[in-house]
Amino acid sequence: MNIDATTRAPARSVTTALTENVAALVAQMSVALLGFIDAWFMGRLGVELLAAISYVNGFTILVNASVGGALQAFLIVGGGRLGSGDKRGFAAAARAALRVATLLSGVAHLVMLAVIGVLSMVSESAPRDAVTLALMLMPSVLLNAMCLVLRLKVMLLKAPALLVTMSLVLICAKFVALVVLFRVQPFTAQYPFVALAGSGVIAALICLMVSWSLDRRYFRMINRQLVERHDLALLTRQILAIGLPIGAVIVLEMSVFGVGQMIQTLLGTLYGAAFGLVTQFVLLAQTIAVAIGQVTTINVSIAVNMRHRGSLLHAVTIGVVSTALIHGLLAALAMVFPQMFVDMMLPHRLAGDPELMAVLISYLRYGAICQLLLAMVVCLASVLRGMDDLGHPLVTIATNYLGLGVVCSTAMAYLTPLRDLGVWVGIAASLLSSVTFLGMRVINNIK
């Protein structure tokens, strides 16, 4: 009987770990799917509207990435308090994370509005009403930041079923809201951006209400903890101090595609629309890399604290090999069967445009390679994060993305005959350089 109990324990442990990882992956994909759903519905109204939403989404990616630092800091601070049995400290950390995520989201969105406004004034190629669309999307972005904190809180409290429920509510509410609004054809045709922004607010509000009610119902002991203002202020500063450098790394990881989207849209509506769809494919693929990266960070951190080189090498190997295999397979499928992926991404109305189809298939092959390189950057940065090495990834990614990627993409797009393809060359060069230098840093740290 004892033998049977011991043999079943590992199975239950593996099953629990697998369930939690799948739930985390669903939560990551729900965020990426929002942009994909927006692009798909706007594509039904024409290439110009698809290019406009893709242009704004390129900046929204960076806004969401800035909030990612606060979420990672909450994982560190809140996880530490929860692990030590400090329920009051965990409750305070959750409230502090909610404050910081909302603050960073608002500030980042205001910066985005300023940048889009300046570009609209200096460039005639910028999509019309881009500033208006970005302004209307602000409420949904702020509400989604709150939802992300609540989902992360549920993940830390080991409730995968609730995490999946919250994530699916967001996606289903978004899809249903867009379907209902698009049924009102005259309204959608005349005010497409209002319909898009309205669906985002409706979905975010529904998700926030459901998440809040589930949180209050299932975690009463945590939520009833009295939190002192001093503790809340202290944890807010702590999450900011930890989250800002991590957020800077995440923003830089996504900036290469955000800047690429801006350049492509300014080069032409067709290029911007095709690049936006391929970017959504890349972001959906990256949810896998982020989920693997979170697990890798935890495993590497445990091995480092144990000071066991063998365990460290094992954790790094599993993370790197699994990321390379999964994303390598995705790259191979996209390059061999591009038409299959295009049929899934492209609305039926645009499928009859041969010029758009040709550009999209070409971009998909470039995007397949770039998503593999970006996944390796995310993986290696996660390994270094587990080693408590935050400064080197920040400097490396900033140098390669901003110094090499942005400069190279801009130069090749405007100074060479490559034009739109030059943007992809710049992106691939910056990602390959980042993988090389981050890989060298990981090897040196292990040694």
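Within the stretch 312-366, the residues that satisfy the criterion of being over 30 Å from residue 299 (Cβ atoms), of a type in the set (Val, Ile, Thr) and touching a helix residue (DSSP H, G or I) at 6+ places or on another chain (Cβ under 7 Å) are 342, 359, 361. Picking from residues in the stretch 137-194 that are under 26 Å from residue 22 (Cβ atoms) and of a type in the set (Ser, Thr, Tyr), the one that is most open to solvent (accessible area, probe 1.4 Å) is 165.
Conditions tested, residue by residue: (1) open to solvent by less than 20 Å² (accessible area, probe 1.4 Å); (2) under 15 Å from residue 270 (Cβ atoms); (3) in contact with a Pro (Cβ under 8 Å, 6 or more places away or on another chain); (4) not in a helix (DSSP H, G or I).
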residue: 328; (1), (2), (3), (4): no, no, no, no
residue: 334; (1), (2), (3), (4): yes, no, no, no
residue: 344; (1), (2), (3), (4): no, no, no, no
residue: 361; (1), (2), (3), (4): no, yes, yes, no
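Within the stretch 287-321, the residues that satisfy the criterion of being open to solvent by 10 Å² or more (accessible area, probe 1.4 Å) and within 29 Å of residue 340 (Cβ to Cβ) are 288, 290, 291, 292, 320, 321.
Applying the criterion of being small (Gly, Ala, Ser) and open to solvent by less than 20 Å² (accessible area, probe 1.4 Å) to the residues of the stretch 217-262, the residue that is farthest from residue 354 (Cα to Cα) is 243. Go through (1) within 27 Å of residue 83 (Cα to Cα); (2) of a type in the set (S, T, N, Q); (3) open to solvent by less than 40 Å² (accessible area, probe 1.4 Å) one by one and return the number of the condition residue 265 breaks. It is condition (1) that residue 265 fails. Residues that are modelled with pLDDT under 85, among the polar types (S, T, N, Q) and not in a loop (DSSP other than H, G, I, E, B) within the stretch 114-146 comprise just one, 120. Against the list (1) without any contact (Cβ under 8 Å) to a residue 40 or more places away in the chain; (2) under 23 Å from residue 57 (Cα atoms); (3) among the hydroxyl-bearing types (Ser, Thr, Tyr), the condition residue 279 fails is (1). For the stretch 95-122, a residue qualifies if it is open to solvent by less than 10 Å² (accessible area, probe 1.4 Å) and within 14 Å of residue 74 (Cα to Cα), and the qualifying residues are 96, 97, 100, 101. Set side by side, the residues 349, 365 differ, and just one is at pLDDT 90 or above, part of a helix (DSSP H, G or I) and of a type in the set (Lys, Arg), which is 365.
Within the stretch 391-420, residues that are of a type in the set (Asp, Glu) have Cβ atoms under 7 Å from residues that are open to solvent by less than 30 Å² (accessible area, probe 1.4 Å) in these pairs: 420/264; 420/267; 420/413, counting only partners at least 6 apart in sequence or on another chain. Consider residue 390 carefully, then state whether it is at negative phi and at pLDDT 90 or above. No. Scan the stretch 378-385 and give yes if some residue there is touching a residue at least 12 places away in the same chain (Cβ under 8 Å) and outside any helix (DSSP H, G or I), otherwise no. No, every residue in the stretch 378-385 fails to be touching a residue at least 12 places away in the same chain (Cβ under 8 Å) and outside any helix (DSSP H, G or I).
Select from the stretch 24-45 the residues that are farther than 17 Å from residue 344 by Cα, at pLDDT below 80 and open to solvent by less than 30 Å² (accessible area, probe 1.4 Å) and list them in ascending order. Selection gives 24 alone.
Pairs are defined by a Cβ separation below 8 Å, a sequence spacing of at least 6 or placement on different chains, a first member in the stretch 245-261 that is of a type outside the set (D, E, K, R), and a second member that is outside any helix (DSSP H, G or I); the pairs so defined are 245/390; 246/390; 249/390. For the stretch 59-75, indicate whether the set of residues that are in contact with a Phe, Trp or Tyr (Cβ under 8 Å, 6 or more places away or on another chain) and open to solvent by 30 Å² or more (accessible area, probe 1.4 Å) is non-empty. No - not one qualifying residue is present in the stretch 59-75.
For the stretch 395-444, a residue qualifies if it is open to solvent by 50 Å² or more (accessible area, probe 1.4 Å) and under 30 Å from residue 304 (Cα atoms), and the qualifying residues are 395, 399, 432, 436, 437, 440, 441, 443, 444.
The values are calculated or read from the model by the stated rules, or taken from the named source; none is laboratory data. These numbers come from a predicted model, not from an experiment. All Cβ positions, even for glycine, are placed from backbone atoms using ideal geometry, and neighbour counts span all protein chains on display. Just the protein is used for accessible areas: all its heavy atoms, side chains included, with ligands, DNA and RNA removed. Shrake-Rupley method; radii C 1.70, N 1.55, O 1.52, S 1.80 Å.
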